[in-house]
Structures are given as C-alpha cells and as structure tokens.
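The values are calculated or read from the model by the stated rules, or taken from the named source; none is laboratory data. Just so we're clear, the structure is a prediction, and the values are computed from it rather than from any experiment. Using ideal geometry, Cβ is built from the backbone for each residue, glycine included, and neighbour counts are taken over all protein chains shown.
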Amino acid sequence: MNNYGQIRVKYLISMEALLKKAGKYIPAEQLELVSDAYEFAKQAHSGQTRLSGEPFIEHPLQTAIYLAELKLDPKALAAALLHDVMEDCDVSYSDLENRFGAEVAKLVHGVTKLTKNESLTEKNSLFLPDFSTAADVLNDEASPDINDSDLNRETDVFSEKERARVENLRKMLMSMAEDIRVVLIKLADRLHNMRTLKSVPKARRISIAQETLDIYAPLAHRLGIWEIKWRLEDLSFQHLNPVGYKNISKMLRSKRVAREEYIEEIRSKLTKALEDAGIKAVVTGRPKHIYSIYKKIQKNEDQNMTIGDIYDLFALRINVDSVTDCYAALGAVHSLWRPLRNQFDDYIANPKDNLYQSIHTAVLCKDAFPVEVQIRTSEMHELAEYGVAAHWLYKEGKDADVQFEKKMIWLRQLLDWQRDVSGAEEFIESFKTDIFDNQVYVYTPKGDLKELPAGSTPIDFAYLIHTDIGHRCVGAHVNGKLVSLQYELKNADSVEIVTSKTIRGPSLDWLNSNLGYIKTNSARQKIRQWFNRQEQKINIQRGKDLYSKQVRRLTTDLSLDEISEIMGAESSDELYHSIGTGSLTVSQIASKLTTPTAQQQSLKSIKSVGPASGIDVIGVGDLLTRMAHCCSPIRGDQISGYITRSRGVTVHRKDCPNIKNESVSERLIKVDWGQAQTLYPVNIQIDAYDRVGLLKDITALVSEQRVNIANCETREVADRSIITMTLYTRGIDELNKVFSRLEGVKGVTNIIRSPDQTVISNK
C-alpha cells in the first residue's frame, strides 16, 4: 500500500472513531448532524493537504474527536468539523446557516474570526530558562532551539504584531462570554496543531509552542479542562526544549517498572482498607506529566531536588459515590498512613472559584515515601477533568445552568473591568497576572474561599470582594492579627478588611509598584478609575479656564458646540476635560482650526481685504516693495521696479515719466503682479501693566511676524493699559502665533479677540 493509501485508511478510521466516541453520549438521531457536517467538510476540503502531507480533513476530524472526549454537544462537534471551511474554502456564512442552522454557523464564524485575527509573535514571551541552570538531573547542553538572546530579550516593547495578538486575546475573551464553545473548539484546534507541529518551519514552530504555553495551556487550566491543559504543556515543552524533555522522559522510563510496582502495592493496600471500611471506591494511580515535573524541579532548584525526590510523580486518586464517602475515605487513608503537615486542602467544603472540588492530602507510605492522594466523587471528577465542557454533559441536570454560571464568574468579572483597559501593554500584563499567575486561596470572614494571583495583598482582596470595600480599606486582619496592607497573602489565610465609615478613597501610593501595595491589575484599574472620577470636576474647571484664556481668543466666531464637533468631542464637558487633563492642547486645537473648512467657519463673518502690495520681484525674491505715488499703479497696469537706496523697490507704471527718463538703467528691475493674498482684519484686546516702552515692544513684535497693524488705540485704567489693535492676518494659524508671542511680552496678562469685530475696507 502506498503512503497515500495508508493516510486514507487512517483518515477513514478517524471518522469511525469520532462517531464511536460521540455515540456513547449522543442519541443516534442527533449524530446525523455530525455525519452531515463531516460529508460537507470532506467535500469542501477535497484536494487540500496539510504540511504533514495528510488530507486536510484529518485536522477538523481530530479537532472534533478531542471535543467528543470532552463530551460536547453535537452542534459543537459539527462546528469543529466545519471550523476551517469559511477560511480555506469557498463557503459563506449563509451557506452554513441554510444547511446547519444559525447556531452552528455562528460557532464556525466565531472560530474563523479568532483564526483570522491570530497573530503569533516571539516578543513578550516568557521562554523556558536554560536547563543548565536547573537541577543536576537536567544538567545537559541547552536546547538548540533557544538562543541566549531569546532568554534575555526585553519584554516591555510592544510591536504591531503584539498589539494584534492582544486584540486577538480580547476577541477570545468576548467569544467566551458569548459562547464558550468557540474557545473550546479553538483549544482542540490548537491541540491537534501542536501534535503535528514538526511539519512547521523551525522559527514558526517555536513561536507557536511558546504562545501555546503562555496563553492556551493556562486558558485550558482556567476553564478547568485538565486533559487539554497537560497535553498542551507537554507538547509545548517538547518543542521549546527538546533536550530537557528527552532527559525527563528517559529518567521516567528508567524508573517506570519500580515506580509502577510501588504504586500498585500501595494502591492494593488502600483498596483493601476501603473495602474493610465498607466504602465503595475506585482507586487509581495518577501520573504526573513531564512539564509539571520540570516546574517542580525548577521551584525547588535551591534544594538540589532530583527526580527521585518528587513524591507525586505518581499519586493516588480515590473516586467514591458521595461526599460522605469522601470524608470516610479520608479517615481510612489517615488511619493507614501518617499524614504530612501542611499538605491538606479541603476543596469540597471550600470549592475553588472555578468550582473545582476534591480533598488533597499527602501521606508517608512504605519506606517513608510521601504520596499525594486526591479524593472526590465521580461527578467532581468529571468537572475536574472536563471543566466547563462538562456543562454540556450535564446540561439536562437541574443544576447544570447554575453550576455553569458559577464556573464562569471569573470571566464575567474579568470582562467588566477589562472594558476600561485601553493599552495593549496593560491588557497583556493583566491577562498574565490576574488570570494565569499561580494562585493563592484565602478565606473571607464568612468562610468563603477566594482565589487571587500569588503575591496578592489585602488591598487586592478588598477590591476582589467589592470596589467600595477597596475604596474604604484602611487596614486588614489576617488570621485575627493586624497586618500591613503590603502583606503577601498565603494559602488558607483568613482575611478581614477594616473599612472607614465613609469612602475616603485609595492612596496614590497604592499605585506605586515599587511599594508593593497591590498585585492585580484589576485593583490597579479600579484605583485609577477612582482618581479619574475625583479629578474629573477639577479637570473640567481647569479646562474651562484654559479655554476662556487661550481658545476663545482664537475663535470667537465659532460656538463652543462647533469647536467641540470639530475636535471630535461629544460634549462641551468632554472638550473641557480633555483640555484640563492636557490630553488636548491649545496648539492641537489651533492646528485643527487651520483646516480650510474650520477657517472658513471661523472667519465667515469677517470681510476679507486685498493685499497691501502683492508684488513679485522677478529673480530676486521677497524684497520690500511700495507703490509709487507719482503714477499710482493698480493691478493690471504694465509695471516696472526702481531700486531705491533705503526703501526697497518702488513700483511704477512703465509709462511713468519718472522712470522713462531714468539715466541709471541698472537701478531698474523687472516686477510683476504676484498672487493676491486674502487678509482678514481682526480686532484684539491686550491687557497689561503699564510701563515705559510697552506699546513699542508690542508693535515691534507684531511687525516682526510680518503682520500689518491697521489701527491701534490705548487707554489707561489705574495702573493698567488696555490696547486695542486691528491686525491684518492670513488666518487662524498666523493669529495663534501672534498671540503666543505677545503673551511673552513683559507686563502682558491677557489677550483676547475683541467681540466687536470692526470691518476695515480695502484702501
């Protein structure tokens, strides 16, 4: 049989495997939707192959099989089979909707959007450290796939690709809120891509593996899907550091027989003890996956831990029928072996935020070897293994929707405050700390268990409970003792927040990352929002003052609403706030108002005047010119220029007797009528403290700006001078420059556009 024939057989077996897995929990009549989706996808992907050489249909088939292992509903399986047809084939949304219904089409569309927006980047990734720095058991040459530059790269520079990746993460969270199945399909899609990653070029392979370890595996963990989580971690680890992966695998194999014999011996002993106690239970060994072993070694590197020192390489799991049996089994375990101190957690009485439930304990077994034991009911086991995916397995149960909603509380809370996070850097940081960091579990005064990122403080806890409690927080008691607000919470701490009767508000010091008051970005964002609200009124008033002093002087002919519209502000308060906070400057407003449309609006009520000369001196440039009084040329006359000794060029008509009889021809120069400039007469009022030379300084500065003063009046009020001028200006931009320069004149306190606009006719 040729290679294609072998692939073809494998492909047919895959479809049979899907129907077999799905048939265990899906009624036969509902399987028709899955079969129909398979036939449609097979036809759509006909002739397409993957980099591995297998038919493309193998990928959606394997994706659907992973979801069938999670026991997802038939519509999700159909969408998994179809998830690439919109992107890679000539299939539209309406095609899917007409054939499979709106729900399946929407799921496929959601996955397609995530795929199209997916942008893989190597930057800002937390690469695994060189294994030469780990325990002796891993001492070997560093992985050839990771360079030193990768290990030391900067993580605070965000490229366009990274920003696109952040937007993809945002879309993924929103998709989870709309329909969690979209992300479950994406996780299964990523799992199969990771299993076939060897066919991808090296650079892209490393990038995909790193993104999987940073984002997708923790996301599977947060959703409680253990089966996908550990597979993604091990596959990523295998590509990111093949040498370390190989070393751990080899050592596990070398000790496999002895380890399995040991675990079987204690499993049999525990099974008999449970039977003797009348407890119906299934006891199994639980393997520890390779990446988890690596993390355990890294965590205990300073203790020179070796692989033989890790007591939970193979742990025991006890599945029983009821919660009562869980505690009875715990008694049997502790009666059989001595429990280790500080190695007990009761997540049945106090479930984790994602509703995970189990009893964890560790005991000293034969030869004083410590072994971890987990005790749970069968339903708890399903929820622990399949996470939110178990929602569809128990969908018909009376508590299904309630359990699912509780399990997704963390996502709802995340989306509530993430809407206010605008920066890509802040979003990705919060995504990694608040969601994917190692967690610490603490208790409220009422005994409720709360989950926070490791390193969190009482302030983080206060804001997790309620925003107002965070704002009122003045102190904290942990385990009944008063602690600093910078205290790092530890597992099983009981935390009580001391609050003031009124909202006194957070301290600015809390935002100082060097002081260690807060860990979570959610708390940091809520604190910033508080200060923003408190400052809003002050900023609006400050903006009004600045507007009155600097903006209105430029545009008295535009209303406040017109300026707000030009600047893109929804209201005058928004405009004032932007000016008051400095996010919008006067120069930005002036620049915006110099556009042709804005200038036309601004000067619509002012009659324009012609130029004072508008003469071009041919071949020389911009020389001072004036009209000769003897012949008084006007636009359209034939003209000639005469170079004077001290007054620039005087313009005469060509038939003027005064130049026709000129004996020194070298002083005659060619001139022509230049392009006419439109000038606008604008009245301004200058308030200043009276002093000697004030008017001279003002007029000299205006002249330096090449702006003509048509009229000037001065009046004295006590020790102050009020100077009113009419200036010829080319537009708002030039007028703004004049205002800026005049403000620097000694004694000047205020300059405004005079509301009484006097129109000066052209002379």
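Points to keep in mind about this one:
- When the range 705-718 is filtered for residues that are closer than 15 Å to LYS737 by Cα and touching a residue at least 24 places away in the same chain (Cβ under 8 Å), the ones remaining, listed by number, are GLN705, VAL707, ASN708.
- Residues in the range 720-743 that are closer than 20 Å to LEU695 by Cβ, touching a residue at least 24 places away in the same chain (Cβ under 8 Å) and acidic (Asp, Glu): there are none.
- Positions within the range 31-55 being without any contact (Cβ under 8 Å) to a residue 24 or more places away in the chain and among the small types (Gly, Ala, Ser), in sequence order: SER35, SER46, GLY47
- Selection from the range 235-266 of residues that are part of a helix (DSSP H, G or I) and buried (at least 19 other Cβ atoms within 10 Å of the Cβ): LEU235, SER236, PHE237, GLN238, HIS239, LEU240, GLY244, TYR245, ASN247, ILE248, ILE263, ILE266
- Which listed residue, of ALA277, ALA281, ALA220, ALA273, is within 30 Å of LYS198 (Cβ to Cβ), of a type in the set (A, V, I, L, M, F, W, C) and in contact (Cβ under 8 Å) with a residue 12 or more places away in the chain: ALA220
- Of all residues in the range 88-104 being under 31 Å from the mean Cα position of the chain (by Cα) and in a helix (DSSP H, G or I), the one that is surrounded by the most Cβ atoms within 10 Å (Cβ to Cβ): VAL104
- Test: residue in the range 660-678 that is at pLDDT 80 or above and touching a Cys at 6+ places or on another chain (Cβ under 8 Å): no
- For beta carbons closer than 6 Å, sequence separation of 6+ or different chains, a first residue in the range 650-665 that is assigned to a loop (DSSP other than H, G, I, E, B) and a second that is hydrophobic (A, V, I, L, M, F, W, C), the qualifying pairs are CYS656/CYS631.
- For the range 575-587, a residue qualifies if it is surrounded by fewer than 17 Cβ atoms within 10 Å (Cβ to Cβ) and closer than 13 Å to GLU535 by Cα, and the qualifying residues are THR581, GLY582.
- When the range 183-228 is filtered for residues that are more than 23 Å from LYS113 (Cβ to Cβ) and of a type in the set (Phe, Trp, Tyr), only TRP226 remains.
- Boolean, LYS398 is at pLDDT below 60, in a helix (DSSP H, G or I) and outside the structural domain of LEU72 (by TED's automatic domain parsing): no
- Residues of the range 683-698 include at least one that is at pLDDT 80 or above, loosely packed, with under 12 Cβ neighbours inside 10 Å and not in a loop (DSSP other than H, G, I, E, B).
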